[in-house]
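Q: Below is a structure I'd like to ask you about.
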Amino acid sequence: MNKKTLVMVALSLSVCAAIYGSEPLAASWTATGSMQRPRAFFAAAELPNGNILVAGGFDQGVTFADSEIYDWHTGLWTVTASMIKARSAPVAVQLENGRVMVIGGLDGDGTILDTAEIYDPRANTWSLTQPMHDARFEDFVAVWLPGRKVLVAGGSNGSLKSAEIFDEKSGTWSMTNPMNIGRGEFANVQLNDGRVLVMGGTTQDLPESPTATAEIFDPKTHKWTFTGSITTPREDHAAVLLRDGRVLVAGGTTSEESPRITAAEIFDPKTGNWSLTGSMNVGRSEIEYAAVRLPDGRVLVPGGRL
């Protein structure tokens, strides 16, 4: 795996930031407590009390299983129970009962993992689930669905097409309809109606450039349907659901050697069309998990790879 520059959830490696949808405002950054260890390619999720769980990651050639929790009241990090499997580049999803599921990733030998495990903050324990049907890592879909289920799809393991669903009640994975195009290094957003939008990313069908295609998963039918293609093909980009239900996509790149993209565009789920909007001031990639919608509707896009 190419250990590319990672946008840290805690913004500790942030190089610059942009805010979509406003005039420039005076702002400042305040240092907070440092994590117990440096880590990149880790999983992160918010717990029911607002604290932040981080787990696993990679540093100095070592992949690890340990976890820690950030207390937003005190600004301090505390070591918590370690995962059962060491993993880097997994994806985390919040379950409806406050637990956190960490899925896939790479182990210390570079093996792509088909395992997933669940953290229970009440018991401070991790438990393995049944393995997935396909191993996957980095930038795949992992979203909660009604009925205590989790959808995963795609991933950087040959740009997977496959999709599967975890049933928390039975603890089992079952295959569902695959995406129309295999994707890695792509972004996804769950729409207000529960459907899942994916767009762009690398694909084996176009090994020299990212795809512009986009498709939507309907949890009622379990089918993937193409929608309008993005205006600018891109990978390693950010996608954020806006307050009005539209989706903002910004940044990314067309290859490791290409200039980073400044262009941004908006998807309207009512029409299935994309339209260009104002460009960022600085092109950046590796921002799949960095962009955040602020309470006032603006979107913060920090860090990234220049």
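Read-outs: derived from the displayed coordinates by stated rules, not from any lab. What you see is a predicted model, and the numbers here were worked out from it, not measured in a lab. So basically every Cβ, Gly included, is an ideal-geometry build from the backbone, and we count neighbours across all protein chains shown.
Q: Just to be sure I understand, if you calculate P(r) over Cα pairs in 20 Å bins from 0, in percent for this structure, which of (i) 27, 45, 26, 2; (ii) 34, 62, 4; (iii) 32, 59, 9 do you get?
A: Of the labelled values, this structure produces (ii).
Q: Now, a different point. Where in the stretch 66-95 does the label zone of Asn49 land, with the point 7 angstrom along Cα→C-beta and an amide N cut-off under 11 Å?
A: 70-74
Q: So for Met179, Met132, Met35, fewest C-beta neighbours within 10 Å to most, what's the order? Walk me through the numbers before you get to the answer.
A: Values: Met179 23, Met132 20, Met35 16.
Fewest-to-most Cβ neighbours within 10 Å comes out as Met35, Met132, Met179.
Q: Another one. Run the count for the chain, please: Lys pairs, Cα-Cα under 28 angstrom, 8 or more apart or on different chains.
A: Within the chain, the lysine pair count is 20.
Q: Under the definition of Cα pairs under 8 Å and six or more residues apart, what whole-number percent is the relative contact order of the chain? Don't jump to the answer; show the numbers that get you there.
A: Values: 832 pairs, mean separation 40.0, N = 306.
13 percent.
Q: Could you line up Ser34, Ser67, Ser162 from fewest to most neighbouring Cβ atoms inside 10 Å? Please list the in-between numbers first.
A: Details: Ser34 12, Ser67 24, Ser162 20.
Ranked by crowding around the Cβ, least crowded first: Ser34, Ser162, Ser67.
Q: Further, regarding this structure: Which order results if Phe42, Phe186, Phe226 are arranged by neighbouring Cβ count within 10 Å, fewest first? Walk me through the intermediate numbers first.
A: Details: Phe42 27, Phe186 33, Phe226 13.
Ordered by Cβ neighbours within 10 Å, fewest first: Phe226, Phe42, Phe186.
Q: Let me ask you something else. Let me check I've understood the local charge: for Met132, count other residues with C-beta under 11 angstrom from its C-beta, Lys and Arg +1, Asp and Glu -1. What total comes out?
A: On the way: positive: Arg136; negative: Asp114, Asp134, Glu164.
Residues close to Met132 contribute a combined charge of -2.
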